[in-house]
Amino acid sequence: MSWPIDHIGPCCPRPAASSVVGVVSGEAGNGEQKMKTDVVVEPVQTVGRSWRDDLPVAGVAAGAAVLIWVVARLAGVDLAVHSGGSTQPVGVVAVAIAPVVATLAAGALLRGMLRRTFRAQRRWTGLSITVLALSLLGPVSATSVGAGLVLAAMHVVVGAVIVGGLTRKGR
């Protein structure tokens, strides 16, 4: 028993798309006007996204965060947050690694959604903006207003780079 292609849902791989390469037409030779059309079809290879496509976005996001950190330190802003009963300094290593981890996680989520979800790009963008808005709760625990503003700016810039970079790659 063979199943029609229509039964394949979003959880199953779709068959490769095809494109029409050429059409050949002709007439029957016995006086009747019959047209014969042969359509030559070749499969189209779709290019998938890989985690390697996310690395340039991760590099730009990390670079932007480190640049903001350096400018803040040069301006004399002490970047530190309250953590429990103590104060934690925000170091350059954490500032450089966090955007890379966030970009790779966001890219993996986007690739998964592109394979399995209808309107994945739009839904992923909405989810990413929501996560960015929630991440702005972190700078509230800064030790000073200046540190809070710098950390909030860092979150917004990194979030904009990640959302903008990954959605541009997804199109």
Only one of these conditions is not met by residue 103: (1) among the β-branched types (Val, Ile, Thr); (2) in contact with an Asp or Glu (Cβ under 8 Å, 6 or more places away or on another chain); (3) open to solvent by 40 Å² or more (accessible area, probe 1.4 Å). Which number is it? (3)
Of these, 117, 87, which one is farther than 19 Å from residue 52 by Cβ, in contact with a Ser or Thr (Cβ under 9 Å, 6 or more places away or on another chain) and either at pLDDT 95 or above or open to solvent by 40 Å² or more (accessible area, probe 1.4 Å) (or both)? 87
Give just the number: which of (1) open to solvent by less than 40 Å² (accessible area, probe 1.4 Å); (2) in a helix (DSSP H, G or I) does residue 77 not satisfy? (2)
For segment 130-155, which positions are open to solvent by 70 Å² or more (accessible area, probe 1.4 Å) and under 21 Å from residue 96 (Cα atoms)? 131, 134, 137, 140, 149
Residues of segment 80-94 classified as assigned to a strand (DSSP E or B) and touching a residue at least 24 places away in the same chain (Cβ under 8 Å), total: 5
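The values are calculated or read from the model by the stated rules, or taken from the named source; none is laboratory data. Just so it is clear, the model here is predicted, and its values are computed rather than measured. FYI the Cβ positions are ideal-geometry reconstructions off the backbone, even for glycines, and counts take in every protein chain you see. Areas reflect the complete protein model, heavy atoms only, side chains present, ligands, DNA and RNA absent. Shrake-Rupley method; radii C 1.70, N 1.55, O 1.52, S 1.80 Å.
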